[in-house]
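**Student:** Quick one: structure below, then a few questions.
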Amino acid sequence: MNKKILVVDDDEGILEAIEALLESEGYEVTLNANGEILENLRVPYLPDVILLDVLLSGKDGRELCRVLKKQETTKHIPIIMISAHPSADDSVKAIGADAFLAKPFERTELLTLIGKYIGEK
Amino acid sequence: MSKDTQEILSLQAVRSIFESVPGLYLILKPNAPTFTIVAVSDAYVQATMTKREEILGKSLFEVFPDNPDDPNATGVKNLTTSLLTVLKQQQPHKMAIQKYDIRKPKKEGGGFEVRYWSPLNSPVFDEKGNISYLIHSVVDVTQLVQAEKREKAAEKKVTELQLLYSELLLAQKQLQESEQRLTNMLESVTDGFVSYDKDWRYVYVNEKAAEMSGTKKEDLIGKTLFELYPNRIDTPLFQEYRRVMSEGKPKQLEYFSPGAKRWIRTNLYPSSQGMTSFITDITDRKQAEERQNFLEEISSKLVKSFDNAVTLQEIGKLIITYLADYCRIVVIDDTNRIREISVNHTDPTKVSLVRSLYDNYKDLSDMAYGIPRILKTGKPEIIKKIDKKILAPVKKYTTLLKTVKQIGLKSYMGVPLIARGKIIGAITFSSVSEHRYYTKQDLKFVEELAHRIALVLDNVRLFGEAQGEIKERKQAELNLKYLAEASKMLSSSLDYKTTLSNIAKLAVPKIADWCAVDLLNGKGGLEQVAVAHKDPQKVRWAKELRKIDPPDLNAPTGIPHVIRTGKSEYYPVITDKTLVQIAKNKKQLKLLRDIGFTSAIVAPLCREGRCIGGITFVTTETKRHFTEADLRMAEELANRASIALENAGLYQASQDAIMLRDNFISVASHELKTPITSVKIFTQVMQEHSKQIGDLKALNNLTKMNKQLDKMTELIYNMLNISKIQAGRLEFSQKLFAFDTLVKEIVDVLQQGAVKHKIVIDGHTNSTIYGDEDRIGQVLSNLIANALKYSPKSDEIIVHLSSDDNDVTVCVEDFGIGMAKEHFDHIFERFYRVFDTTDKTFPGLGIGLYISSEIIHRHHGKLWVESTTGKGSKFYFSLPLKRDKKPNGIQIL
């Protein structure tokens, strides 16, 4: 079974691009544009990795990260936070994010990170 | 004439009288040039330290030669000339004051003693009109003050003696005739002249002496002194008389005769026949002396105090001691007001009467006498005797008349005080004593007195003005200093509230006791943005005052008025009346009085041509009155403060604009990154796809596209950084990191992108640096990227690493086109671009180096370049090793 990756970003263009990239690499990709993900994150629908944008319209990505890392059911899921603010790196790691990636990033950078957390496709 | 009288007229008697007179006289024979000494007075002998028997019969110049030690001695020459002049012109000749040293007797050490003399030579004529003798009289003028007096006395005496002597000589030959003439002469002498025999019998009395004694001449002659005045036998005066007679030495006595109420001076000359007495009425002289003393005392009082009121009070006290029972002094002060100082005699019942006299009639215009008239005319006035005739014109003022009578005014004088032609006051003198009726001489005296007082008062005023000027100058200096300091404050900070508060504080206490700044607030009210006072208590009062009476923007005076008109208000003198006028109620008035306003200035503060507030200076307890100069200072300060306010406004506006721009750039750059991220991912997905399907042309194009996207990303990144640097908000994330590792990572990444060049690391630092690893990496990337770009024809870039105790140093060396020295200082400037001789530009250099230099400087490091055109460049940067380690985190350096 393909590894599942949840991508949360309020920008359609980013979602589509990452979807194109990850699907071409054989991952099963779920997209979310509004951050309303907590309802659906239940076993057996849990993703293997979450890509989470720091700034979401209407919702704070960091707050979402904090909740996910607190919940028993989700705290084991690696979270890679992405942002256009390169300086957000340290602050997101402080709230429990596993990695940070500054926009724009290289294709290989993202794939390397994902590979680091879930190994196989 | 009695037989006794004739006896005394013998030559011997005359000689004896002559010898005992108090003046310094020589009688000389007119036998020029010998001038034989025939007679000498005791005083002369004494003064010249000679002996009578040694000089009589000798030549004048043999006895009194010039001092041989004084080569400039002209005594002999001058005296000879004078004596010859007397012989030629047959009249007295007065010589100028002479230095004529006298010979000291051998037993006193010999030599000469320095003396100054005022000599007078006079001829004595015989019956044929020929000069029979010369009288040489001298006055020792060592004490110049007395010189004139003595000279006059000597002159008078010489004249008298001259007469006497001629008459006596005449008498010798024509007894009868000369007797009569002598008598006449003695009678005509203004002094009294009395001769007693050994038994104190009056043998001669002249008219004057008889008049003085109040007894007829006939009733005196032949009687003894003691039978005439039996009750005076034991008085000190008569005791002196007896002593003179018994001791045979002449004596001068001065005494007050209570009967005649006159001062008398008697010169007693004992002789073998008895005693002769010259009696002089010296009352006038005594009075003059007394007045002289009085004037001197006044003068000393006058210079003791610079407070006129005190001085005049003192003078008034002296006047009632010497001159009057009531004394009234008025002076016209600077503001043309009449200030009065009255001193009265100690009778309290009359003092109030005099007071009422002054008060009730001071404004009567039809009075013939009095201070108002003196102040108007500047003429002195006197009423020798106040009688019915004098009082007739004021009959209609019955109370006045009654008061004058009650006081018992007897005599009156009034004089103006005039200084430099200006009437500055007046003094009146009133007498209630029977024995004090003022005379013209008295008036003359008090005029002199008034003259002196006026002079001193004027001097005191001038001195006061000078002092005032000095004070003003000092204040002007303080004002200038304040202005300078305040201006510095105004330009040093753009936080105008703090600045205005500091300016207010600076004004106290040297400029004002209280300084406040009020500005219009946006809500149509006034806000006190700064207030300073010497006394914090008063600041509370002032705040209370504001609470009771919030400023009304339509108020006719004060800050609201200044704001409306744009013109300053200046209150040099705030009187209680002013406070009463402006107070709205009793509570406010009390508060205003407690604050104690003395003087105030309110100056407008403006911005963009509109008045927006005012700065207020107030003096209270220092009682300093602001001057026009202070007003100018306040206006200048307000002017400068206005400019500062304007600057602060402009600065705020520019800060707002910068903030807006930064926010825009920040938002825009992040917004731009999002689509770039998306495009970049698609590009790379397509690259991957082209690779898989073997479409190499597409792959090549997509690679180029990806590179342009990177360039675009860098531009956005730089744009954001520059904006942050400009705003001073470039953030740094500081931590300790291994420097060599960073260098290796950067070189590795760049080596991947470099097709032709080999990037070599030379050396190592083995150092740990505290700083922002990413940004320092960015600097190194930038330098290596530039090296690659500007050395297209070479194939090597060397990164040299080194370190010492203080710094690590990196040098990126290329072997490219290089640059001219003139660019070295500029290439780190924002937007600077290097043009080569063919005007070809090297794009992209400026911004990267500018950001790099900012990053290095913020890390307290250095960035510099060495380069030669055509040979290559070396870009260096160094970073300090020992920096205080700060906790990790984001910092703004």
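Every number in this text was worked out from the coordinates using simple rules, so none of it is lab data. What you see is a predicted model, and the numbers here were worked out from it, not measured in a lab. Virtual Cβ from ideal backbone geometry, glycine too; neighbours counted across all protein chains shown.
**Student:** In which sequence would B:Leu500, B:Leu400 go, from the one with the fewest C-beta neighbours within 10 Å to the one with the most?
**Tutor:** Working: B:Leu500 27, B:Leu400 18.
So the residues, fewest neighbours to most, are B:Leu400, B:Leu500.
**Student:** Let me ask you something else. Can you sort B:His435, A:His85, B:His859 by how many other beta carbons sit within 10 Å, fewest first? Each step should come with its number before you reach the end.
**Tutor:** Details: B:His435 7, A:His85 17, B:His859 23.
Neighbour counts put them in this order, fewest first: B:His435, A:His85, B:His859.
**Student:** A further question follows. Projecting each Cα onto the charge dipole of the protein assembly as shown (Lys/Arg +1, Asp/Glu -1 at the beta carbon, about the Cα centre), which of A:Gly61, A:Ala99, B:Leu660 comes out farthest on the positive side?
**Tutor:** Highest projection toward the positive end goes to B:Leu660.
**Student:** Checking the cross-link filter: which aspartates and glutamates have an alpha carbon closer than 20 Å to that of B:Lys871, excluding same-chain neighbours under 8 positions apart?
**Tutor:** B:Asp762, B:Asp795, B:Glu796, B:Glu813, B:Asp814, B:Glu822, B:Asp825, B:Asp836, B:Asp839
**Student:** On to the next question. Can you figure out the FRET efficiency of B:Lys384 with B:Phe226, using R₀ = 35 Å and their beta-carbon distance, to the nearest 0.05?
**Tutor:** Details: r = 41 Å, r/R0 = 1.18.
The pair B:Lys384/B:Phe226 has a calculated efficiency of 0.25.
**Student:** Another question, if that's okay. Counting only other residues whose beta carbon sits under 13 Å from that of B:Gly728, what net charge do I get with K and R as +1, D and E as -1? Show your work: numbers first, answer last.
**Tutor:** Working: positive: B:Lys724, B:Arg729, B:Arg858; negative: B:Asp662, B:Glu731, B:Glu854.
My count for the surroundings of B:Gly728 gives 0.
**Student:** Kindly put B:Trp514, B:Trp864 in sequence by how many other C-beta atoms sit within 10 Å of each C-beta, fewest to most.
**Tutor:** Values: B:Trp514 25, B:Trp864 16.
Arranged by neighbour count, lowest to highest, B:Trp514, B:Trp864 become B:Trp864, B:Trp514.
**Student:** Rounded to the nearest 5, what is the percent of antiparallel bridges among the DSSP beta bridges in chain A?
**Tutor:** Of the beta bridges lying entirely in chain A, close to 10 percent run antiparallel.
**Student:** Further question on the same structure: Of B:Lys758/B:Lys821; A:Lys4/A:Lys75; B:Lys704/B:Lys789, which pairs sit farther than 21 Å apart, going by alpha carbon to alpha carbon? Write down the numbers at each step before the final one.
**Tutor:** Details: B:Lys758/B:Lys821 27 Å; A:Lys4/A:Lys75 16 Å; B:Lys704/B:Lys789 17 Å.
Among B:Lys758/B:Lys821; A:Lys4/A:Lys75; B:Lys704/B:Lys789, the Cα-Cα distance tops 21 Å for B:Lys758/B:Lys821.
**Student:** Further question on the same structure: Of B:Lys711/B:Lys744; B:Lys198/B:Lys251; A:Lys59/A:Lys103; B:Lys711/B:Lys793; B:Lys107/B:Lys249; B:Lys217/B:Lys385, which sit over 27 Å apart, Cα to Cα?
**Tutor:** Values: B:Lys711/B:Lys744 23 Å; B:Lys198/B:Lys251 17 Å; A:Lys59/A:Lys103 19 Å; B:Lys711/B:Lys793 23 Å; B:Lys107/B:Lys249 25 Å; B:Lys217/B:Lys385 35 Å.
Flagged as over cut-off: B:Lys217/B:Lys385.
**Student:** Another question about this same structure. Which of B:Val573, B:Asn585, B:Gly596 sits farthest toward the positive end of the charge dipole of segment B:562-609, with +1 on the Cβ of Lys and Arg and -1 on the Cβ of Asp and Glu?
**Tutor:** B:Asn585
**Student:** Also, I was wondering about something else. Placing one identical point scatterer on every Cα of the protein assembly as shown and ignoring solvent, what is log10 I(q)/I(0) from the Debye formula at q = 0.05, 0.07, 0.09 Å⁻¹?
**Tutor:** -0.67, -0.90, -1.15
**Student:** If you don't mind, another one. At most 14 other Cβ atoms within 10 Å and a DSSP loop assignment: could you name the trypsin sites (Lys or Arg not before Pro) in segment B:755-794 that fit?
**Tutor:** Sites meeting the loop and neighbour criteria: B:Lys756, B:Lys793.
**Student:** Right, something else. Using the structure shown, select from B:Lys317/B:Lys350; B:Lys379/B:Lys440; B:Lys534/B:Lys586 the pairs with a Cα to Cα distance greater than 20 angstrom.
**Tutor:** Numbers: B:Lys317/B:Lys350 17 Å; B:Lys379/B:Lys440 14 Å; B:Lys534/B:Lys586 25 Å.
In this structure, B:Lys534/B:Lys586 exceed 20 Å between Cα atoms.
**Student:** Something else: Would you mind estimating how fast chain A diffuses translationally, via Stokes-Einstein at 10 °C and 1.306 mPa s with the Kirkwood radius over Cα pairs, in µm²/s? Mind dumping the intermediate values first?
**Tutor:** Details: Rh = 14.2 Å.
Translational D for this selection: 112 µm²/s.
**Student:** Averaged over peptide B:670-680, how many Cβ atoms belonging to another chain are found within 10 Å of each residue's Cβ? Working shown, then result.
**Tutor:** Details: counts 5, 2, 2, 7, 10, 5, 4, 13, 12, 3, 6.
Average per residue, whole number: 6.
**Student:** Here is a follow-up. Please work out the FRET efficiency for the pair B:Thr498 and B:Lys623, using the Cβ-Cβ distance as r and a Förster radius of 30 Å; give the result to the nearest 0.05.
**Tutor:** Working: r = 31 Å, r/R0 = 1.05.
FRET efficiency, B:Thr498 to B:Lys623: 0.45.
**Student:** Here's something else I'd like to know. If you take the charge dipole of the protein assembly as shown about its Cα centre, with +1 on Lys and Arg Cβ and -1 on Asp and Glu Cβ, which of B:Gly370, B:Tyr651, B:Ile693 is farthest toward its positive end?
**Tutor:** Looking along the dipole axis, the top candidate is B:Gly370.
**Student:** Could you compute Rg(Cα) / (2.2 N^0.38 Å) for segment B:767-831, with N its residue count? All intermediate terms of the calculation are to be shown ahead of the outcome.
**Tutor:** Values: Rg = 13.7 Å, N = 65, 2.2 N^0.38 = 10.7 Å.
Compactness ratio reported: 1.28.
**Student:** Could you work out the mean count of beta carbons from other protein chains within 10 Å of each residue's beta carbon in A:11-17?
**Tutor:** Details: counts 5, 1, 8, 5, 1, 3, 10.
Average neighbour count from other chains, rounded to a whole number: 5.
**Student:** Please enumerate, by chain and number, the aspartates and glutamates with C-alpha under 12 Å from the C-alpha of B:Lys623, excluding those fewer than 8 residues away in the same chain.
**Tutor:** Once the sequence-local aspartates and glutamates are set aside, what remains near B:Lys623 is B:Asp513.
**Student:** Considering only the other residues whose Cβ falls under 14 Å of the Cβ of B:Ser431, what net charge follows from Lys and Arg at +1 and Asp and Glu at -1?
**Tutor:** Values: positive: B:Arg328, B:Lys350, B:Lys384, B:Lys385, B:Lys410, B:Arg436; negative: B:Asp325, B:Asp347, B:Asp387, B:Glu434, B:Asp442.
Computed value for this residue: +1.
**Student:** Below 10 angstrom from the Cβ of B:Lys251, what's the summed charge of the other residues (Lys, Arg +1; Asp, Glu -1)?
**Tutor:** On the way: positive: B:Arg243, B:Lys249; negative: B:Glu240, B:Glu247.
Value of the local net charge: 0.
**Student:** Is there a simple number for the mean count of other chain Cβ atoms within 10 Å of the Cβ of residues in A:21-29, and what is it? Walk me through the numbers on the way to the answer.
**Tutor:** Details: counts 5, 2, 1, 5, 2, 0, 0, 0, 0.
Counting Cβ atoms of other protein chains within 10 Å of each residue's Cβ and averaging gives 2.
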